[in-house]
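Peer 1: Take a look at this one; I'll ask things after.
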Amino acid sequence: GLACGADGELWACTATAIGRLEHGKLRSFLDATDGIPGHLTQLIVDPRGGLWFGTDGYGLGGWLDGRVTLLRKGGRIDTETIWCLLFDRDGSLWAGTFALGLHCLREGSIVTVSVAEGLSHHDIRTVCETPDGSVWVGTPAYGLGRIRGEEVTNLTTDDGLLGNSVSA
């Protein structure tokens, strides 16, 4: 994954490390020696400082207060695979998962939006926010989902979507 910081810095993650572009060269920032578990899937810069990363098999991680922290199954995030990340305009962190929908970390608590709340599927591959504050998610075979406040709506090919696999 790629991410851009508030000061324009470019960050990149490979499967096993996170680097930052400095003076035209990518420099290692975090790797296994810092506690990065490997199998990185996504990266996002926290507007308040720090980095967050998703993994395939190790949950959600962050570089916070100078150390790597993992929020994984049995802990604060009840899934092992994170496909996508978003900071919304209110500063909440949204994490799209392989098996349990969308988790939102907001003010120290976690809210989950999944099939039980109305999403068409639990596998979330992409997430973004529109100017009206809606959070949109893409699924691998069940179209788009829109979360606006407590309301969840879905769009599929039956609604005019060109295909039900939405991954970017």
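Peer 1: Among strands (runs of 3 or more DSSP E) lying entirely in segment 1-75, which contain 2 or more residues that are under 22 Å from S92 (Cα atoms)?
Peer 2: Result: 2-4, 10-13, 40-45, 51-55, 60-64, 67-71.
Peer 1: Taking into account only those residues within segment 88-121 that are within 19 Å of F53 (Cβ to Cβ) and assigned to a loop (DSSP other than H, G, I, E, B), which is most open to solvent (accessible area, probe 1.4 Å)?
Peer 2: This residue is F98.
Peer 1: Which of the residues spanning segment 91-127 are among the charged types (D, E, K, R) and in contact (Cβ under 8 Å) with a residue 24 or more places away in the chain?
Peer 2: Selection gives E117, D123, R125.
Peer 1: If you scan segment 34-65, which residues turn out to be aromatic (F, W, Y), at pLDDT 90 or above and open to solvent by 10 Å² or more (accessible area, probe 1.4 Å)?
Peer 2: Once the filter is applied, which keeps residues that are aromatic (F, W, Y), at pLDDT 90 or above and open to solvent by 10 Å² or more (accessible area, probe 1.4 Å), segment 34-65 yields W52, W63.
Peer 1: For residues that are over 15 Å from the mean Cα position of the chain (by Cα) and open to solvent by 40 Å² or more (accessible area, probe 1.4 Å), tally how many sit in segment 141-168.
Peer 2: Total meeting the criteria: 18.
Peer 1: Limited to segment 16-62, what total is found for residues that are more than 21 Å from C4 (Cβ to Cβ) and among the hydroxyl-bearing types (S, T, Y)?
Peer 2: Qualifying residue count for the region: 3.
Peer 1: Then there is this: Going by what's in this entry, would L30 be described as under 17 Å from the mean Cα position of the chain (by Cα) and open to solvent by less than 20 Å² (accessible area, probe 1.4 Å)?
Peer 2: no
The values are calculated or read from the model by the stated rules, or taken from the named source; none is laboratory data. In this text the structure is predicted, and so the values were computed from the model without any measurement. We place every Cβ from the backbone using ideal geometry, glycine too, and count neighbours over all the protein chains shown. Remember, those area values only see protein heavy atoms, side chains included, never the ligands or the DNA or RNA. Shrake-Rupley method; radii C 1.70, N 1.55, O 1.52, S 1.80 Å.
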